[in-house]
Amino acid sequence: MKTAIVVLRDQGLRTACRIIEKWPEEEPTLLYLHRRLEGQKRIHETEEPAPCCDPYYFSELKEVLPELWEGSSLLIFIMATGIVVRHIAPYLQGKDRDPAVLVLDEKGEFVISLLSGHLGGANAWAKSVAQWIHAQPVITTATDVQGLTAPDEYARRFGWSVEPLSGLKEVNSLLLEQGYLKVWTDCLPEEHPLRQDPYYHFLKDKDKEHAQLWVTTEQLAAQHERIQGKSRPLHLVPRIFGIGVGCRRGVSREQVIEAIEGSLKQIGISPKSIQGLYSIELKADEAGIIEAARILGIPFHTFSSQEIQSINEQQGLRPSEYVKEKIGVDGVCEAASLLGTSQGELVLPKQKWNGVTVAISKAKSMW
């Protein structure tokens with residue numbers, strides 16, 4: 001996650017420094033200051049140097065906003081709300097694409113969650129920042145105001161997909177009107193936090209057609225065939241499957257995608273339930289896999305030969321003489337998928353496609 005803090009005046013810089021002082025070290029934070037603050041080491045001569053990161057300077061907000069909007073997942077503006085609204089309005093695209101936006105007054109008395117409160121995490125960040133600097137969080141999302149946790153907030157917390165996004169408005173309205181949602185799932189264990197929410201009423205399989213929300217990893221088309229003629233429920237799709245990939249050198253992205261999609265169809269898993277592609281470090285620069293991961297919108301991660309072989313031996317995975325001769329390990333895709341899911345459960349053993357091998361594992365934990 002990349003965060004940018006944007007400041008116009010010296011009073012706002014003091015508030016920015018208070019935030020940065022508490023900011024998690026593992027989260028990269030960039031500070032953007034108006035050029036009038038250039039070279040300022042202290043807020044006042046009696047104070048110690050501000051504990052801020054090296055800033056970037058701008059003359060007008062419109063100069064840097066396009067870059068910040070595209071490259072940040074969280075934007076914190078310390079200035080008047082009207083200024084922010086007017087400047088960001090042309091860049092708004094949708095719930096799933098806009099960054100989270102917070103606005104603070106220069107004294108740091110209020111932290112407003114302005115945009116992407118649920119999926120972007122603005123509401124959660126507003127509460128955290130307010131706590132750090134002893135401010136008042138300002139959250140106006142209807143479900144939060146009523147003490148309810150919306151489906152898209154759960155999706156953000158657990159990294160799940162929402163299908164379709166256009167259905168969120170109707171389902172959140174139902175949650176507000178009814179005070180609860182009817183839910184069906186084929187994958188959530190009893191101890192999952194969502195099952196503990198009293199405002200989510202889980203239905204038995206025989207009553208699934210009455211559900212307003214489904215939590216499932218199945219292919220959506222197959223699900224909808226079973227509920228023809230009825231209003232389709234909103235879907236939350238947990239990302240709990242990891243795909244291990246092995247391939248010949250120089251395969252195309254089309255070959256990799258074909259192998260992945262074909263393997264998913266074999267076991268009826270939605271592409272939205274995939275948390276990542278995994279392979280051996282020798283494939284870290286394999287353009288076909290890298291491009292396939294980019295197109296599918298999932299990360300690509302590799303493991304060392306030692307890690308791969310260790311899993312092969314621990315799990316007694318079926319060896320390949322060809323792979324052993326070429327790269328020195330018994331196999332790649334099955335071991336890589338298990339490593340990617342923290343040694344989860346292998347649900348689809350190695351499948352051979354056109355120059356590509358694929359295996360799929362399911363993560364041990366749902367959160």
Does the stretch 302-317 contain any residue that is buried (at least 18 other Cβ atoms within 10 Å of the Cβ), within 23 Å of the chain's Cα centre (by Cα) and in a helix (DSSP H, G or I)?
no
Of the listed residues (L277, L296, L236), the one being out of contact with any Ser or Thr (no Cβ under 7 Å at 6 or more places or on another chain), under 12 Å from L339 (Cα atoms) and touching a residue at least 12 places away in the same chain (Cβ under 8 Å) is L277
For the stretch 244-266, give me each residue that is surrounded by 14 or more Cβ atoms within 10 Å (Cβ to Cβ) and either in contact with a strand residue (DSSP E or B) (Cβ under 7 Å, 6 or more places away or on another chain) or over 19 Å from P349 (Cα atoms) (or both).
G244, V245, G246, C247, V251, S252, R253, Q255, V256, A259, I260, S263
Go through (1) assigned to a helix (DSSP H, G or I); (2) touching a residue at least 24 places away in the same chain (Cβ under 8 Å); (3) more than 30 Å from C187 (Cα to Cα) and name the single condition V329 misses.
(1)
Would you confirm whether or not the stretch 117-139 contains a residue that is of a type in the set (A, V, I, L, M), surrounded by 19 or more Cβ atoms within 10 Å (Cβ to Cβ) and over 27 Å from R86 (Cβ atoms)?
no
Go through (1) within 20 Å of R239 (Cα to Cα); (2) not charged (D, E, K, R); (3) not assigned by TED's automatic domain parsing to the domain that holds P233 and name the single condition L168 misses.
(3)
In the stretch 1-13, the residues that are surrounded by fewer than 20 Cβ atoms within 10 Å (Cβ to Cβ) and in contact (Cβ under 8 Å) with a residue 40 or more places away in the chain:
M1, K2, R9, Q11
Checked the stretch 38-55 for anything under 20 Å from T3 (Cα atoms) and modelled with pLDDT of 50 or more; matches are C52, C53, D54, P55
Checked G117, G108, G94 against criteria (outside any helix (DSSP H, G or I) and free of Cβ contacts under 8 Å to residues at least 40 places away in the same chain); the one match is G117
From S337, S342, S320, grab the single residue that is farther than 11 Å from G246 by Cβ and of a type in the set (S, T, Y).
S342
By residue number, the members of the stretch 93-113 that are crowded, with 17+ Cβ neighbours inside 10 Å and either closer than 19 Å to I19 by Cα or of a type in the set (A, V, I, L, M) (or both) are P99, A100, V101, L102, V103, L104, D105, E106, G108, V111, I112, S113
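In the list S337, S279, which residue meets the criterion of being under 19 Å from A259 (Cβ atoms), part of a strand (DSSP E or B) and of a type in the set (G, A, S)?
S279
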Considering only residues that are β-branched (V, I, T) and closer than 17 Å to G12 by Cα, look in the stretch 109-147 and name the one that is farthest from the chain's Cα centre (by Cα).
I133
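Within 22 Å of the chain's Cα centre (by Cα) and either of a type outside the set (S, T, N, Q) or closer than 25 Å to G120 by Cα (or both): does that describe P198?
No; evaluated as a whole, the condition is false for this residue.
The values are calculated or read from the model by the stated rules, or taken from the named source; none is laboratory data. Everything numeric here is computed off the predicted structure, so don't read it as measured data. Here the Cβ is made from the backbone with ideal geometry for all residues, glycine too, and neighbour counts use every protein chain on show.
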